[in-house]
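Step one of this worksheet: look at the structure below.
The values are calculated or read from the model by the stated rules, or taken from the named source; none is laboratory data. Just so it is clear, the model here is predicted, and its values are computed rather than measured. All Cβ positions, even for glycine, are placed from backbone atoms using ideal geometry, and neighbour counts span all protein chains on display.
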Amino acid sequence: MNWKWLLVVVALFIICFWADVSWNGYALRLFMFLGLYVALSVSLNLVNGLTDIFSLGHAAFMALGAYTSAVLTLPLERRPSTFSTLATWFQEMVVPFPLALLAGASVAIVAALLIGVPLLRLRGHYLSVGTLALLVIVETLTRNMAFLTKGARGFNGIPTYTNVFWVWGVAVLCIYIVVRFKVSSFGLAFNALRQDDVAAEATGIPTAKYRLLSFVVSAAMAAVVGGLWAHLVRVIQPNVFSYNITFLVVAMLVIGGLGSISGSVIGAAVLFIIPEALRFLETGRLFGLSQLILALLLIVVMVFRPQGLLGRKEISFGKQRATSNEQ
Amino acid sequence: MNVDYFFQQLVNGLAIGSLYALVAVGLSMVYGILRLINFAHGDLMMVAAMSGVTLLLFLVKSPFILFIAIALLAGLLGLVFERIAYRPLRGAPEVNLLITSFAVSSILQTGTVMAITAQPRRFETVPVLSKLYDVAGLQIRGADIATFIIAVLSALALTWFTRTSRTGIAMRAVSENLQVSMLMGINPSRPIALAFFIGSLLAGVAGVLWGWKYGQVDPTMGFLPGLKAFVAAVIGGIGSIPGAFVGGYVLGLAEVFFIGFLPPSFSGYRDVFVFALLFIVLLVRPQGILGAAKGRRA
């Protein structure tokens, strides 16, 4: 960890502290959601940007993290009525928040391994649709396993544990992990893998192992973000972690520039702020206008700047380290 | 569990399979030529059904004219989006096309919500089509018979068209290799636009038939059928018209039998089953039932 990272962490801590004490509730909440989206898009970048996998199932891992953490941390007084059909020890057990987040990450890791080992043998579009199938499967499971998740009615009464420090702490951690991946020998291998996986394999890169590794790490990060999400919004429904979030996060990645970590931070900020800024237009019949403008903007970027705002480049302060990753 | 029950489930499976087949054939045409998974395809179906509600109430009285008008409307809408959203991206990475189709899907959905309604609407049915006919002890709805006939006819017509006609052969050449087909003097814009028109037209047809079958339509109805149609196309062998057709029926039958022969407590898991089936097909036979395998090359 060099001084630049320390500087970023200290600066963010000061901003978070300032936000926590003096911003109004609405602004603080937006700032927290921004952090969650930054963490989501950066963690998805590990898979979609750095490797040749294009996953559309990120929200499924979020859902796993969110539901695991929500179920484990539900306060004692609500447990007997919520989990009436489950074992008594389960009704009497409350897990502390940080442990619940880790449990969510573990569930996502197991799911990513289970689904990844067979699925990652596929390529291109087939793989994307396979990950999308994962999204539908997780949504249907959470909808139907009502004894655990309360189904379509939504899981409520989740305690508010998420604060601005948690959110941005996790966001910076995600950025740090993905940057480490990108500038390490993994990054170089991923780079070869993405450009030509058959040739990469021929030079001795264990492509299957590396693809799985990135998929699993990214899934774990998404699950932690999902957990934070649940403890911020306090009520979760199966359809929350679905196409909309997947689409939005993928759009953030592509707008910012696939493979560029600073790009996905910028993409997240741009796509999060624009609809919020346009919300004042949505009166009466114009409800949904910001969504429409967002979609049009996306098409315009795709047509005129197909590589995204930053391409594969990074914005870096100080001396740029040679990463040999830019094409 | 008796024979009648089995045949009734078979009929139900064929009915839903016909709808999937119609949507899948349209999707497969576009995929075949552009390698684009058009996420907006299901939404075109939805737009067709939703505009059917409004057109039916205000303009058209004859169901036949309505059917034609809406199919053409969907086809034209497909052409418009091809022109403004997909054509400028030709030659761009596949991912960009995917994102664009997501954006088009979002435009169609929010556009419909803003222009028509966010609420489910009743779709005016036609007595001949909503009636249940009793054929040899089996209950068959008129709309299902119509869907079946239309699905079979359009699959046959399109297979014939792509195999024998000049434009159809151009279409296959473009899908085989865009650059080389251009060297052979084919202007790829025409076959691509035509594929979009036909595919979207079929989505429109499916939209109206969907409305007649279920009697209710809403702005979010398109996404899951669109996705399932893709599953159907993959099962059959994506890019192949007979493949998509067969895949639609395989999926419809599998889905109905899954619900029909397992305890009712499992019926909520229908979509898990559909997509688990997709996993299995992708792993065992990624090229689909009727597709040709392609090797990987550096």
TODO: Consider A:Val265 carefully, then state whether it is hydrophobic (A, V, I, L, M, F, W, C), touching a residue at least 40 places away in the same chain (Cβ under 8 Å) and at the interface with chain B (Cβ under 10 Å from one of its Cβ atoms).
DONE: no
Task: Selection from the stretch A:218-259 of residues that are within 14 Å of chain B (Cβ to nearest Cβ) and not in a helix (DSSP H, G or I) - done: A:Ser242, A:Gly257, A:Leu258, A:Gly259
Task: Meets criteria (in a helix (DSSP H, G or I) and aliphatic (A, V, I, L, M)) for B:Ala103 - done: yes
Open item on the list: So, restricting to helices (runs of 4 or more DSSP H) that lie completely within the stretch A:125-204, which ones have at least 2 residues that are touching a Phe, Trp or Tyr at 6+ places or on another chain (Cβ under 8 Å), at pLDDT below 85 and farther than 26 Å from A:Leu102 by Cα?
Closed with: A:185-195
Task: Per-region count, the stretch B:18-73, residues assigned to a loop (DSSP other than H, G, I, E, B) and more than 13 Å from the chain's Cα centre (by Cα) - done: 6
Open item on the list: Could you go through the stretch B:247-262 and let me know if any residue there is more than 15 Å from B:Gly13 (Cα to Cα) and either crowded, with 17+ Cβ neighbours inside 10 Å or within 11 Å of chain A (Cβ to nearest Cβ) (or both).
Closed with: no
TODO: Looking at (1) over 27 Å from B:Gly13 (Cβ atoms); (2) away from every other protein chain (no Cβ under 14 Å); (3) not in a helix (DSSP H, G or I), find the lone condition where B:Gly168 falls short.
DONE: (3)
Open item on the list: I'm told B:Ser105 meets every condition in (1) within 14 Å of another protein chain (Cβ to nearest Cβ); (2) touching a helix residue (DSSP H, G or I) at 6+ places or on another chain (Cβ under 6 Å); (3) without any contact (Cβ under 8 Å) to a residue 60 or more places away in the chain except one. Can you identify the failing condition by its number?
Closed with: (3)
Open item on the list: Out of A:Phe61, A:Phe54, A:Phe13, A:Phe33, I need the residue that is outside any helix (DSSP H, G or I) and surrounded by 13 or more Cβ atoms within 10 Å (Cβ to Cβ). Which one?
Closed with: A:Phe54
Task: Members of the stretch B:211-233 found to be closer than 16 Å to B:Ile116 by Cβ and either of a type in the set (Ser, Thr, Tyr) or under 11 Å from the mean Cα position of the chain (by Cα) (or both), listed by number - done: B:Thr220, B:Gly222
Open item on the list: Of the residues A:Val303, A:Val270, only one is β-branched (Val, Ile, Thr), surrounded by fewer than 21 Cβ atoms within 10 Å (Cβ to Cβ) and within 9 Å of chain B (Cβ to nearest Cβ); which?
Closed with: A:Val303
Open item on the list: For the list (1) aromatic (Phe, Trp, Tyr); (2) within 11 Å of chain A (Cβ to nearest Cβ); (3) under 27 Å from B:Ile150 (Cβ atoms), I need the number of the one condition that B:Phe266 fails.
Closed with: (3)
TODO: Could you check B:Leu97 against (1) in contact with a Pro (Cβ under 8 Å, 6 or more places away or on another chain); (2) touching a residue at least 40 places away in the same chain (Cβ under 8 Å) and say which number it fails?
DONE: (1)
